[in-house]
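Participant: Pasting a structure below so you can have a look.
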Amino acid sequence: QVQLVESGGGLVQAGGSLRLSCAASGTIFSINDMGWYRQAPGKQRELVATVTVDGRTNYANSMKGRFTISKDNAKSTVYLQMNSLKPEDTAVYYCMAVSTMGDYWGQGTQVTVSS
């Protein structure tokens, strides 16, 4: 099994930055890919960014140039650096892991961007 714990969310003014962290534990060697998704109230959950075990990254178009996903393999942690934040970025951000045993989700961390 894999457990995911997100942290780093909070309140920030428009134009500011936040750095989210997702720490994985359990059968971490089974993880292939990890990513970040977000969901605003009344909206569908959407892809933010993903990173594969060999370091390939992918971003949703609206996040390109502002968000950066990275990982620290030694710490089994994936990060999401968010810059130039906009009010429309306000959402619960979820960490996700794809493993050989299935897909796992964290409980989410709230990001609120004020105008």
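Participant: Quick check, is PHE29 open to solvent by less than 60 Å² (accessible area, probe 1.4 Å) and out of contact with any Gly (no Cβ under 8 Å at 6 or more places or on another chain)?
Facilitator: no
Participant: I'd like the full set of residues that are buried (at least 20 other Cβ atoms within 10 Å of the Cβ) and farther than 13 Å from CYS22 by Cβ, limited to the range 59-75.
Facilitator: PHE67
Participant: Taking the criterion of being among the polar types (S, T, N, Q) and either open to solvent by less than 20 Å² (accessible area, probe 1.4 Å) or within 17 Å of GLY10 (Cβ to Cβ) (or both), would at least one residue in the range 42-57 satisfy it?
Facilitator: There is no residue in the range 42-57 that is among the polar types (S, T, N, Q) and either open to solvent by less than 20 Å² (accessible area, probe 1.4 Å) or within 17 Å of GLY10 (Cβ to Cβ) (or both).
Participant: Can VAL78 be described as open to solvent by less than 50 Å² (accessible area, probe 1.4 Å), within 20 Å of THR112 (Cα to Cα) and not in a loop (DSSP other than H, G, I, E, B)?
Facilitator: no
Participant: Restricting attention to the range 2-13, does a residue exist that is open to solvent by less than 40 Å² (accessible area, probe 1.4 Å), over 21 Å from VAL92 (Cβ atoms) and either free of Cβ contacts under 8 Å to residues at least 60 places away in the same chain or not aliphatic (A, V, I, L, M) (or both)?
Facilitator: The answer is no, given that none of the residues of the range 2-13 is open to solvent by less than 40 Å² (accessible area, probe 1.4 Å), over 21 Å from VAL92 (Cβ atoms) and either free of Cβ contacts under 8 Å to residues at least 60 places away in the same chain or not aliphatic (A, V, I, L, M) (or both).
Participant: Is it the case, given these coordinates, that TYR93 is assigned to a strand (DSSP E or B) and open to solvent by 30 Å² or more (accessible area, probe 1.4 Å)?
Facilitator: no
The values are calculated or read from the model by the stated rules, or taken from the named source; none is laboratory data. All values reported here derive from a predicted model rather than from experimental measurement. All Cβ positions, even for glycine, are placed from backbone atoms using ideal geometry, and neighbour counts span all protein chains on display. Each accessible area value is taken on the protein alone, full model and side chains, heavy atoms only, with ligands, DNA and RNA left out. Shrake-Rupley method; radii C 1.70, N 1.55, O 1.52, S 1.80 Å.
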